[in-house]
Amino acid sequence: MTLLSGRVVAVTGAGRGLGAAYAIDAAANGASVVVSDLDGELAEATARMIRERGGDAVGAAGAVDEPGSGDRLVDTAMNAFGRLDGVIANAGVIAPRSVFEETRDSAAHMIDVNITGVIETVIPVVRAMRDSGRGGSVVLITSGARSGIAGMAVYGATKAAVASLCWGWALECAPYDIRVNALSPVAKTAMFPQPGDTLSKPAAPEQVAPAATYLLSPLSQRITGQIVRFTGETLALSPSPALLSAHLDGQEWTVEKIAEAIEGPLRPGLAEVGAAEDLPVPLTI
C-alpha cells in the first residue's frame, strides 16, 4: 500500500512544471490522476508519462476560468475512475508589471485565472466530496508575493485572495471531513526560471511535489486551513494574519489622537513594506 492507493486526484495546470510534478508524484504514491491543462496535448503528455511508469491517469483539456470547468473536471474523474478524493488547484498565470505599467486587461487576466479559476475548480469538487460522504482534500497554491513584491502587486493580490479562500473554505468544509490547505512553493519553472537571486540552486519541481502529496494524503488528516511553504529544502508554516495586534480603546478619537497613537504606542506594530523580500528564502509561486 502507498499513501494515495485507491484515491483519485485531479490537478489543474498539470501539463508541465509544478503541476506536472504534483500529478506525477501523486501517481507514484498510488493515486489515479486526472491531469488537466489549458493545453490538451501537454495534459495528455503528462498523463502518458504516468501510465508509462505504471500509474493510472487521463488527460483533460480546459481553461479553469471558463464557466463549468470544475463540473467538467468532476465528470472526467467520475467517468474515468468513479470517484474524486483530492484536487490541486494549481493553474495560474503571472504578468509582472509595476503600478505605472499595469493594464486593465493584464490585471483582469490574472484575476480570472488565479482567483475565478480556483473558485470554478473547487466549488464543484467540494460538493462532490460532500455528497460522497468520504470527505477529501483540497490543495490550493498561494505565493509569498502576497506579502508584497515590487512588480507583482496584482499577482500577489490574487495569491492573497487564494490564502483567504483557504482559511474560509477550511472552516466551511470541516464538518464534511474535507481538508483545505494551501502550498506556497518555490521552484524553478517556466513561470519562474530563476526564483530569486539569493536562491543559488532553485529546486526542481519534483523536489517540491512531496509537500502537495502530503497535503493530499491521510498523513495530513488533522491539518486544515494551513499554508505550507516549501522550497525543496526549507519547510515552514505561514501564519494567518491577526485581525488585531496591539490596540488602544476607550478614547474619544480625533484625527490628532489617531496620529499620536500610531506614531506612539502602536508604532511597533507597523508592518514592514514588502516583507517577503526580506526573508532569507525568496518567495515565488
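The values are calculated or read from the model by the stated rules, or taken from the named source; none is laboratory data. Everything numeric in this text was worked out from a predicted model, so none of it was measured. Cβ coordinates were reconstructed from backbone atoms using ideal geometry, including for glycine residues, and neighbour counts include every protein chain displayed.
From the list T103, T116, which one is crowded, with 17+ Cβ neighbours inside 10 Å and either at pLDDT below 95 or farther than 28 Å from R222 by Cβ (or both)?
The match here is T116.
Quick one: would you say I119 is of a type in the set (A, V, I, L, M, F, W, C), assigned to a strand (DSSP E or B) and under 19 Å from the mean Cα position of the chain (by Cα)?
No; evaluated as a whole, the condition is false for this residue.
When A21 is evaluated against the numbered criteria (1) assigned to a helix (DSSP H, G or I); (2) closer than 23 Å to R130 by Cβ, which criterion, by number, is the only one it fails?
Exception for A21: condition (2).
Only residues that are of a type in the set (G, A, S) and part of a loop (DSSP other than H, G, I, E, B): list them for region 217-256, please.
Scanning region 217-256 gives S217, G225, G232, S240, A242, S245, A246, G250.
Given the criterion of a type outside the set (D, E), touching a strand residue (DSSP E or B) at 6+ places or on another chain (Cβ under 8 Å) and within 25 Å of N29 (Cα to Cα), identify the matching residue among V87, V162.
Only one candidate qualifies: V87.
Which ones in region 24-40 are assigned to a helix (DSSP H, G or I) and either among the aliphatic types (A, V, I, L, M) or under 21 Å from the mean Cα position of the chain (by Cα) (or both)?
Answer for region 24-40, where residues must be assigned to a helix (DSSP H, G or I) and either among the aliphatic types (A, V, I, L, M) or under 21 Å from the mean Cα position of the chain (by Cα) (or both): I24, D25, A26, A27, A28.
Could you list, in sequence order, the residues of region 53-67 that are closer than 15 Å to V113 by Cβ and either of a type in the set (S, T, N, Q) or buried (at least 20 other Cβ atoms within 10 Å of the Cβ) (or both)?
Correct list: G62, V64, D65.
Could you tell me which numbered condition A150 fails, if it satisfies all but one of (1) touching a Cys at 6+ places or on another chain (Cβ under 6 Å); (2) over 17 Å from V139 (Cα atoms)?
Exception for A150: condition (1).
Among the residues in region 41-60, are any in a loop (DSSP other than H, G, I, E, B), closer than 29 Å to Y176 by Cβ and out of contact with any Lys or Arg (no Cβ under 8 Å at 6 or more places or on another chain)?
There is at least one residue in region 41-60 that is in a loop (DSSP other than H, G, I, E, B), closer than 29 Å to Y176 by Cβ and out of contact with any Lys or Arg (no Cβ under 8 Å at 6 or more places or on another chain).
Tell me the residue from K188, K159 that is buried (at least 16 other Cβ atoms within 10 Å of the Cβ), under 28 Å from A107 (Cβ atoms) and at pLDDT 90 or above, please.
K159
Which members of region 67-111 meet the condition of being under 14 Å from G156 (Cα atoms) and either of a type in the set (S, T, Y) or assigned to a helix (DSSP H, G or I) (or both)?
S98, S106, A107, A108, H109, M110, I111
Looking at region 127-139, can you tell me whether even one residue there is touching a helix residue (DSSP H, G or I) at 6+ places or on another chain (Cβ under 7 Å), in contact (Cβ under 8 Å) with a residue 60 or more places away in the chain and not charged (D, E, K, R)?
Yes, because at least one residue in region 127-139 is touching a helix residue (DSSP H, G or I) at 6+ places or on another chain (Cβ under 7 Å), in contact (Cβ under 8 Å) with a residue 60 or more places away in the chain and not charged (D, E, K, R).
Filter region 1-41 down to the residues that are farther than 24 Å from S184 by Cβ, free of Cβ contacts under 8 Å to residues at least 60 places away in the same chain and among the hydrophobic types (A, V, I, L, M, F, W, C) and list them by number.
Answer for region 1-41, where residues must be farther than 24 Å from S184 by Cβ, free of Cβ contacts under 8 Å to residues at least 60 places away in the same chain and among the hydrophobic types (A, V, I, L, M, F, W, C): just M1.
Taking region 125-169 as the region of interest, how many residues are closer than 18 Å to G13 by Cα, assigned to a helix (DSSP H, G or I) and not β-branched (V, I, T)?
Residues that pass the stated criteria total 2.
In this structure, is A128 under 14 Å from the mean Cα position of the chain (by Cα), buried (at least 17 other Cβ atoms within 10 Å of the Cβ), under 27 Å from I223 (Cβ atoms) and among the small types (G, A, S)?
Spelling it out, it is not the case that A128 is under 14 Å from the mean Cα position of the chain (by Cα), buried (at least 17 other Cβ atoms within 10 Å of the Cβ), under 27 Å from I223 (Cβ atoms) and among the small types (G, A, S).
Are any residues in region 16-46 touching a strand residue (DSSP E or B) at 6+ places or on another chain (Cβ under 7 Å), closer than 23 Å to V126 by Cα and of a type in the set (G, A, S), and if so, which ones?
Within region 16-46, G19, A23, A26, A27, A31, S32, S36, A43 meet the criteria.
Can you name every residue in region 119-156 that is basic (K, R) and modelled with pLDDT of 95 or more?
Within region 119-156, R127, R130, R134 meet the criteria.
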